[in-house]
Each structure stands twice: as structure tokens, then as C-alpha cells.
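Below is one structure; the comments refer to it alone.
Bear in mind these aren't lab numbers, they're just calculated from the coordinates by the rules spelled out. All of these numbers come straight from a predicted model, not from anything done at the bench. Counting neighbours? That spans all protein chains shown, and the Cβs are built from the backbone with ideal geometry, glycine included.
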Amino acid sequence: MAEWYDNLHPVWQALIRVLLFVGPLLTMVPALIWFERRVLGWFQDRIGPNRVGNITFQKKDKWVPEFLRGKKIRLFGLIQPIADGIKLFLKEDITPSSVDKVIYFLAPALALFPAFALGATLPWGPFKGLTPVADVNIGVLWIMAISSLGVYGVVLSGYASNNKYSLLGGLRSSAQLISYELGMGVSLACIALSTGSLKLTDMVTAQEGPLWGVVPAVSNWNILTPHGAIAAVVFAICMVAETNRAPFDLPEAENELVAGYHTEYSSMKFAVFFMGEYAAMAVYGGIFATVFLGGWHMPIPVRWDYIAESQPMLSGVVSYFQWADFWMAPAWFLLKVWIIIFGFVWLRATMPRLRYDQLMSLGWKTLLPIATVNLIVVATWLLLQEVAGPGPALALSVCTFAALWIIFRAVTRLEPAKENFLPNREISMVEVKPAEKPEAPEAAVA
Amino acid sequence: MSGVPLAAYLALGLFMFMTGVVGVVIRRSPIVIFMCIELMLNAVNLTFLAFARYQFSPMVAGNSFKEGQSAMAGQMMVIFVMAVAAAEVAVGLGIIMAIFRLRDNIDIDEMNLLKG
Amino acid sequence: MIQTLMPNTNWSMVLPIAMVAVAGIFALILEMLFPKRDNNLIVWASQIGLLMAAAMLIRQFGLETETSFAGTIIRDQFGLAMQLVCVIGASATIAFSEGYLREKKIPFGEFYPLMLWSTVGAMMMCCTENLLVMFVGLEILSIALYVLAGISRVEEKGEESALKYFLLGAFASGFLLYGIANVYGATGGLGIEGIGLAWESKDPNVQALLAFGLALLLIGLGFKASFFPFHQWTPDVYQGAPTNVTAFMATVGKTAAFAFLFRLLESATAMQAIWAPALGLIAVLTMLYGNIVALMQKDVKRVLGYSSISHAGYILVALIAHGKNPGRIGPETVIYYVLSYTLMTIGSFAVISLLAHDGKESTGLDDLRGLWQRSRVAAACMVVFMVSLMGLPPTSGFFGKLLIFQDALNADLLPLAVVLAVSSIVSAAYYLNIARLVALTDGPTEEISFARFRPAIQNTCVLCAVAVIAAMVFYSPLTQFLSSR
Amino acid sequence: MLNLFAAVAAPKMAGFAITGELLFFAALAGLAMLSAVGVVAFNNAVRSALCLVLNFFVLAGIYFTLNAEMMGITQVVVYTGAIMVLFLFVIMLLNLSAPALLQDKNDPKTAVGMTLGMVMFTLVALQVLPGLMSKTEPGAVDGYGSPVNVGRALFTGFVIPFEAVSILLLIGIVGSILLAKRRF
């Protein structure tokens, strides 16, 4: 990096790294809220927040440039989150009388902490020494460790509220988080195994290689490899469950639990939960982008180096791409994160909420076995690669996965499957009354 | 970490271990007793890692471990203690839940069905 | 190319253990595939697995002593023999379990895998000189036993015994671990062969750590083997747990603890000035306490619990004698005594399991009256077991005690030998009482007419009784076979 | 500031100087000791559990100071992330049906037990620890606690217990389901 940075005291360097991580994350949260509301509006064929933040300049204002006087500048509701924040901040802060005070105040902080600490190992660009707050060789384990702490905020707020619904919400959440933690961990382990390192920067570097070790022009994004694709799907589902987002937002299901663990929280304490959720969304998006989508590289998996070498006539154009790939790294990274966040919102807009038993059986009976089989396949693939070279290894590992999965399904199918769904019903929006009967004579007598 | 004597780590471990023992003896809820046992196990883990780091006694020739393996042995022990603790917790809390279902009470002082 | 990370590993050494573990997994899969509560298939699978493990063990008898897996696993005659005892114990327990569990209405197929995995832990403890492997084995053994003790979920007594066993067991393993930590600190490794060497370094710091660590280790293992001050859980848990689990706990669980204690004391011979007096005192107290308190019990499972405490004392005498002088006093005594103890204990618990009927089981001494009316053969076997536990000919218990006596005298442990003899005489009172109640008194007839009869239980009793007598008759070829070098 | 401390304390503590690292360790150790006492002293089971979480977290920090980074992070994953969550889960389940059960009454034997524990601690510490005060320089190579080294040791010398632990965890799974499932 730049010389002045290298000359700084390590403490200042660390501070800069922290600021580089926390600053964008904090600014992203309000933008995210606005983005979600707008996109949801678009999905639901309505407008969404578009009023707050319109700036109208008076004709007589002297301090604005000439061409702006009397104009109205539309910001499409971008200021809405800030207005929301002000509203929450000014609301009355109610503390119910019989809560467990210490834990009641501790819980929101505990909910926010993991969301911010989680991203400490995320690399935002190829500028080594600048982007990850700590580029330790236990990066993936760090993610596992911190994400498993997220459950405390939820469980403790549920307990401290001294409210059965809150407690139930907290319990559901802890069960959900523990269950999906496993699938997530195992699918991350697949990638760690194929990369051969637990460091996140190493994972990004490993994705710069040729695809499957065979196709030289395409870079080896983990989502493009067979095992990586499976791991990515499992990870994506677990990620949504870990952030308590729809369709896995059971801990706060309004119709069953009156908003679950944060029923008793109001004002800023509620805002902290809210912020935690959105920050977690952004950070998990970053993890997904780093582990599966090539990290800070351009969102197209092309190896510019190889193209420049093999097609010298293109080198002029390619050098431009190389430049963009390197210098616009944080922008690419953010772009990927936003794409993933769009996926989050899309899920929320389109998927109905799961029932509790469905949630559990999805986590334990589907995702965990898939991820475990995948882990075995990755190990086999690595072994075969040593023996037989990349091509056959890939084919064989795909076959192994198919075979293992068929065996697993065959074994589990033996148990007679219970009917898991409600019988089909007619649902109509307008209540249809049965044909009116004449009143019973007895009733009339009575 | 240089500068900190090995004895400081060991004293911390011993203190935590003793606290755990005291807790097991004086508390009445099986869950809290169990937590105190976990405290003891962690004190042991700390002791293992302190010894592993400081290599207090690497000289014993008869050990089957090669040079440099001694530090690993302590860490391995910690890993296995953690694994064992995980299994133990699953089973132990299962037992506590089962007994709670039977009698709606988990006080250790009221476990007096078995007498001679 | 692939580099092998582990040169010179001899997988055949762990094959018996792996066989038992795989048999357990196989049994679990069978339970999953055929969940019809008809467990005969699982029982047969388990027995075949144990039989194969026993065959693998016997095939290795007489081979050279050898270590493998970076010194964590050792194959010697003592370890093989003790593993064989564990396998025999598990097999005998499983043999009478099916009928008993069905009578008690706890027909879980998961019982058998847990039993087999518990055996895996015990076998691991028998074939290692490494504290880590011992600890993992001990925990596999114990955690499976916690579950098994509480397997009868509708019985408050069973759950209570499981909770007690679990809390005290976890507490004791905390002590054990702290002991291991200190020994590790003193020797720089987890192998127990380093203890003697470290002690001889004469460094006072090392010696303090070692003494502290060894004391804690002995507490932890003494809990498993239920020596005197750490025995409190034994009678309670034995009474509350299902009878077949008790039989397993009293035999295989203790066998494993004795096996490791044997190796530990052998490698700590240099420190015998530290441990020998303390352990001697513990042995005396264990023998006397177990036998005297057993006289006052009213529950037959408690009586056998206390009797097992006193037997632990007897075996401890043999262990001390060996540990004081490993060159002169061989392992034959321990192997022989543990084998005969396993057979007679499991046999007597098998007879007691006849008390279970239609989901109920009351195990007071008075309930033993008229047991002969349920099965005359089993009652006759009970007499044999009681005679053997007492230590009278013509049973293996007699020879076992004789060997311990002889070892104690050889190792200049005259007081221990005397206490052994005296406490054996004391024990005659309650053993004979049980034999009398089972074989000579009549019980209420209307209950007996309801009592059904399970042939597997009777067969187990007969096999154990025959084995107990045969172990005496064929004493010399048996010991030669078990301890062939 | 630190030098001042060292100058004041140095004559009393022969053999080693007070460094920043020592102070850092002292802070962590103090936190660990306080939270350990909290586990025993709080009457409320949830408070005890939270103290234990804090203790485990601080211990992870201490493991990092011992350069055992893999162990530190595993501590967080296993203990704070899984085991303590399970504890809290069970406490809450019991709390849902019988809140009074988790509240221990004040008991005079608490103080007695604490005192006895401290006496024992002092006795043992005086026996074992003084000789080890002089050992201030670590002997293990840096990086002995990296994931690579831990993994290599796990799959070479300790492969048998590693495989055996899988059986142990299987027992945990089967056992907990057997004990805690609602119906037979």
C-alpha cells in the first residue's frame, strides 16, 4: 500500500482498518432499509416510501445556485430511514416493570455485537494489510464462532422480557440458529477443504485459478464448481435462517408470537435490534460474496491475465479490465453484496413463512445431510485429483455425490413418510355463508 | 506471552478449578452443578495450554513423542476435552429434562428415593 | 502424490475395537430399518459382532508386545486378556437383556448399540498407556452408561440414579483431568511411561506436580472402580439402574478402570513410597466397609453393590502387590480375578433380573423368596455364584482370592492379606443369606403363577455358572492361555 | 506509567518485571476469576450461565495470549456457541414451566464452602506453584497453535482417539434423543 500507511504506528493502522470496515457497514444499514422497502414496494406493485427527502428550494433563496432556485429535487424517499431513526429515537422508552433489568439492557447490545464483529475477517480488496481488520489464519472459524454468538441477544431478550411469547420466540430462535449453524459450518468446511486454508484472503486467491483446474479462461469461483454450488445453496439457505429473515423469521412471527422476542422493546432498544438484523444481512452477503463469488474481483469470472497472455491483440482492452479489477475492488465487492441483499428481499417478497416443524426438518434432514455428503465428496475429489488428475476427479466426485445422495434417500425413504401438509382447502377472500336455514323451533320457543 | 510466569496461568487454573469444586458442593440445582463442572473442565484446559506453551518439562526421554510433539499433546487433550464436554452436555441435559418430566422438580436435595 | 502421513501403523491392533464399534452402528441401523420392537435381530447382530471381536483378540494372543499409532495403542497380553474379559462381560449382559427389558417394558433397540459402544470405551482403556486415549475411552464408557442407567424413562428411581451417576461421574472426570494436566506438566507428554523417568529426575517441582497429579488421577479412577471414599454413588446407582445395566456397570466398567490402574501403578513403581501406603489404607477400608455395610442392606441390588465395592478392594490389593514389584508379580492374578468376578457378578444379576415382571421390579431381599419356583436351574446357579463370591471351592472365586492372598504375601503386604481373609469371612453372612432366600424359602404362590419365564436368562445363568466352575477346574491351562507371553 | 508501576513493584517481586503483557494478563485473569466466582455466587441460574459465558469468552482470550489461536477460536465455537446455548435453552425450558425451580435460596453453607475452597486453593497453590514462578519464557515455538499444526497432530499421532470421539458423539446424539424425546 501507500508508503504513508506503512509508516504509521500499528495501532493507527488497525484503527484505519476498523474504520474502513465499520464506516461502510454503518452507512449501508439505512440505505439497506430504504432499498428493501422500495424493492418490496416494487414487488407488491405499490410505490413504497418516496416522499421523505424531497428538497424544495425557494425562489428567494440566495445561497443556492441560480439553476436550483424554485426547483424540487426528488430523492425518492432516501431520507426515509433517517426519519425513521429520528422517530424511534424520540419515542418514549418504555421498560416494563417486571423485566430482568440487567439482561434486558444487555440483550440488544449482544444482538448488535456479532453483526459487526462477524465481518472483521472480510477482505474488501486486494490491498493486503488494509482491508480485513484481522487477516488471521482462522478466518472461517471466526465466522463460525461469532455467528454462533448471535443467538444470545435473541434468547436473552426473550428471557428478560418476562413474557411468555417473547420467551417462546427466543427459544424458537435458539433452536433455529443452532440447527442451521451446522449446515452452514459444514458447507464452509467443504470450501475450506478444497481451498486448503481457513484464511479468507486465501480463499479469494484460490478462486483466481482456472475453473475446475481445466478451463483456463474462466476463474474458479467456488459457486461454479459442483461441490461449491451445492455448498453455496446450503450456505445461502442457512444464511437466511441465521439472520432470521423471511421465510425463516419464525422467532418474530407476528401472527403467532406478537413479534416474538422484541415485543417488549421500544424506542432505541428496538432500533438496535433492527440495525443488528440489517447489518447481519450485509455482512453475511459479504461472506457469501467472499467465499463463493470470487470476493473482491469483478462480477464476471474471467481470468484477464490468461486472456492477455493468450490473445496479445486484446491486451489493450484487457489491461483496462485488469485496472478496473484491481482498483475498483471495493466497488465490485459492494455490488456483489447488494445483489445478494436483493436476493434476501426477493425471498421475503415471494416466500411464505415456514412452519416450525418444516423449518427443523429442512435444517436437520435435508441441509445437514447434503452438506455432509458434499464434504465427503470434496475429500474424495481432492484425493482423486492427486491420483488421477483434475478432469476424471471432477467426474468421479459428481458421480459419488449422486450415488451417496441416492443411497441416503433410499435409506430414509424406508420410513413411511408422514403427511406433512394440510389437506387442500378452498380459501376465498369473501366469507361464503351456507344457505340460511330456518331457525330451529326449540330455539324460538326458548 | 513472555513476561508472565507459568505459575500465574496455573494459579488461575487452580482458582477456577477450586471455584468449580466449591460450586458443585454447595449449589443445589443440577443445572448449576453441571455448569460448575464445565468450569472445572475449562480450568483444566487452561492448565493444559499453559503447560503446552511453556514446555515446563520437555526432557523426558521415554515419551513416545518426537521433538516438538510435547506442545501438541496438550492441545490435543484440550480438543478432546471439548468434544467430550459437548457429548456430556447433550446427555446430561437430556437426563435433567427426563427427570423434570417425571417429577416437576429438579432439586438435588429431594433426590432421596434411593436409600439403603 | 499422496504421502502417507502415518508410517508404521498396525491397524490390526485396533481391529477388535473397531469391530465392536461397527457392530454397534450396524445394530443402530437395524433398529432404524426395522423399528418393530422385535429386537432379536439386533441381539444376534450384537452377539456376532462381539464374537468376532473375541476371535480377533484370541488370534492376537501370544504375539509380541508392540506399540503403534505413535505409541498411543499398545498390544500386550494383559491388554488383550482384559479386552477379552470386557467382550465376555458385554456378551453375557446382552444375552440376558432382551428378556429382562421386555419384562420391564423398556424394549428400546437403542439399548444394544449403546452397550456395545460402552464396551468400545472399556476396550480402549485396556489397550493403552496414553492418558488421552484412556480419558476418551473412559468417557465413551461413562457417557454411554449414564444414558443406559436412565433408559427406563418412566421410572423415577432409574432417572434419579442416572442423574446421580452422571453428576458424580462428571465431577470425578474433572478431577481425573486435572490429574492428567499435572502429570502432563511434569512429564511433558501424555504417556504414562514418562512418570517413572520424571520422578527419577529428582527435581522438586516436577515431583510436586507428579504427586499432586497422581493423587488426582487415582481419585478419578478410584471413582470408576468405586474405592472407599469415592464409592457413595455405587449402591444408589446399582439399585436404581436397570438390573442388566447394573451388571454391566459392575463388571465391564470396573474392569476397564482396573486395567488402566494396573498399568498406571506399574509405571509409577518408582513413586511407590507415595502411593503404596495411601492405596493400602484405601484397600483396607474398601474391603471392610463394603462387607460390613452390605450386612445391613435390605435391597438385593444394594447388597451386590456393596459386595462389588469389597471386591474392588480385593482387586486393589492385587494391583498394589503388582505395582510394588512388577518384576516378580505378574498380571495373571488380576486377569484371573477380574474374569471370575465378571462371570459370577453377571450371573447373579441375571438371576436377580428374574424378579422383573410385567413392568414392575421390586428388589428387596424379601422379594427373593421363592425365586426357585420361577426357575430351579437359575436358583441353583445363584448358589454357585454366591459360593464363588464368598470365595469357597469349587469355584473360581476361591482360586482368585487365593492368588491375591499369595501375591499380597509375596509383596510383603501381610496386613492387607489378613484383612482380605477376615472380610471374606464377614461377607459369608450376607452371601449365604441371599443363597438361602433364593433356593430354600418359599414365596407367595399366586404371584409366581403369573411369573413368566425367559429361557435366555436361564441359559445365561447356566453358562456363567458352568464357566465359574470350569475356571476353577481348568485353572492352569486358562491362566496359561490368558497370560501367554 | 508502566515504568512507575514496575519501579514500585519490582523490589517486592524478585525475578520478573511488570510488563504490559503481564498487566493485560492480569486484567483478563481478574475478569475470569470474577466471572468464575459469579457462576457459584449468583442464585439465579441464568445469571450463573451468563457469568460462565463471560468466563469462557475471557478464557478464549487467554488462549490467544498463549498463542494457541486454534484452541481459542474452538473454545468460542464449542463452549460459548454450542454448549452454553444448550444450557440456556434448557434453563429457559424449565423456566417456562416452573420459574421458581431455578432460584436457589440463600444458604449459610455458601460462605463456609467458599472459605473452605479458598483455604484448599491456598494450600495446594503453596505446595505446587512457587517453584514455577521463575518460568517466564515460553518454550514452544510460535505457531504451535495454528490450525495446520493442530490438524496434522490430530490426524497422525492422535488418529485413534479422534476416530473414537466420533463414537462418543454418536452416543451423545442417540442418548440425548433417547432421554429427551417426548414419546416412546
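If R0 equals 35 Å, the separation of the Cβ atoms of residue C:328 and residue C:380 corresponds to a calculated FRET efficiency of about 0.30.
Using a simple spin-label model with pseudo-atoms 7 Å out from Cα toward Cβ, residue A:45 and residue A:311 lie 4.4 nm apart. Residues of the range A:95-132 with amide nitrogen under 13 Å from the 7 Å Cα-to-Cβ point of residue A:205? In the range A:95-132, the label zone of residue A:205 (backbone N under 13 Å from the point 7 Å along Cα→Cβ) covers A:126-129.
What spacing in nm lies between the two simple spin-label points modelled at residue C:201 and residue D:124, each 7 Å away from Cα in the Cβ direction? Simple spin-label model gives 2.2 nm for this pair.
Each part reduced to its alpha carbon centroid, the range C:60-102 and the range A:179-248 end up 44 Å apart.
Determine, from the Cβ-Cβ distance of residue C:232 and residue A:193 and an R0 of 45 Å, the FRET efficiency 1/(1 + (r/R0)^6), rounded to the nearest 0.05. Don't skip to the end; give the middle numbers.
Values: r = 48 Å, r/R0 = 1.07.
Step by step, r from the Cβ atoms, then E = 0.40.
Rounded to whole numbers, the Karplus 3J(HN,Hα) couplings from phi for the range C:421-430 are 5, 4, 5, 5, 5, 4, 5, 3, 4, 7 Hz, using 6.51 cos²θ - 1.76 cosθ + 1.60 with θ = phi - 60°, and x at Gly and Pro.
Residues B:4, C:383, C:252, arranged from fewest to most other Cβ atoms within 10 angstrom of their Cβ, appear as C:383, B:4, C:252. When the inverse distances between all different Cα atoms of the range C:13-482 are averaged and flipped, the Kirkwood radius reads 22.0 angstrom.
Taking θ as phi - 60° and the Karplus parameters 6.51, -1.76 and 1.60, the scalar couplings of the range C:255-260 work out to 3, 4, 4, 5, 4, 6 Hz in sequence order, x denoting glycine and proline. Taking all Cα-Cα distances within the range C:298-424, those exceeding 27 Å account for 27%.
Under a 5 Å amide H to amide H cut-off, with H placed in plane at 1.01 Å, what residues pair with residue C:299 once short-range neighbours are removed? Under 5 Å from the amide H of residue C:299: C:365. Every pair of different Cα atoms in the range A:220-301 enters the Kirkwood calculation, which places the hydrodynamic radius at 14.4 Å.
Ranked by Cβ crowding within 10 angstrom, fewest neighbours first, how are C:131, A:193 ordered?
Ranked by crowding around the Cβ, least crowded first: A:193, C:131.
In order along the range A:71-77, the Karplus-derived 3J(HN,Hα) couplings, from 6.51 cos²θ - 1.76 cosθ + 1.60 at θ = phi - 60°, round to 8, 10, 9, 8, 10, 6, x Hz, and Gly and Pro are given as x.
Here the range A:320-382 was treated as a single set of alpha-carbon atoms; its pair distances binned every 5 Å from 0 give 4, 13, 9, 11, 14, 15, 16, 11, 5, 2, 0 percent.
Of all the options A:235, A:344, A:76, the one that moves most in a Gaussian network model of chain A with Cα springs shorter than 10 angstrom is A:76.
DSSP beta bridges confined to the protein assembly as shown are antiparallel in about 100 percent of cases. Here's the picture: a label point sits 7 Å out from the Cα of residue C:418 along the beta-carbon direction, and within the range C:257-289 the residues with their amide nitrogen under 19 Å of it are C:277-289.
With bins 20 Å wide beginning at 0, the percent of Cα pairs of chain A falling in each bin runs 20, 48, 26, 5, 1, 0. Distance from the Cα centroid of the range A:331-357 to that of the range C:135-160 is 45 Å (rounded to whole angstrom). When the alpha carbon gyration tensor of the protein assembly as shown is reduced to an equivalent ellipsoid, the three semi-axes, largest first, read 57, 37, 31 Å.
Mind telling me which of A:36, A:386, A:242 comes out most flexible in a GNM of chain A, alpha-carbon contacts under 10 Å? Result for chain A, Cα springs under 10 Å: A:386 fluctuates most.
Dividing the Cα radius of gyration of the range C:310-366 by its Kirkwood radius returns 1.24 for Rg/Rh.
With each label modelled as a point 7 angstrom along the Cα→C-beta vector, the residue C:25-residue D:24 pair spans 4.4 nm. Residues B:103, A:38 in ascending order of nearby Cβ atoms (within 10 Å, fewest first): B:103, A:38. Taking all Cα-Cα distances within the range C:184-289, those exceeding 18 Å account for 53%. At full extension, residue A:52 and residue A:321 could sit 92.9 nm farther apart than now, given 0.36 nm per residue minus the alpha carbon distance.
Gaussian network model of chain A, Cα springs within a sub-10 Å range: biggest mean-square fluctuation belongs to which of A:371, A:145, A:246? In the Gaussian network model the winner is A:145.
Residues whose amide H comes within less than 5 Å of that of residue A:218, counting only those at least five positions distant or on another chain, are A:211, A:303 (H built at 1.01 Å from N in the peptide plane). The calculated FRET efficiency for the pair residue B:103 and residue D:109, based on their C-beta separation and a Förster distance of 35 Å, comes to about 0.90.
Any idea what the relative contact order of the range C:13-482 is, in percent, if you count C-alpha pairs under 8 Å spaced at least 6 apart?
Details: 821 pairs, mean separation 72.4, N = 470.
After rounding, I find 15 percent.
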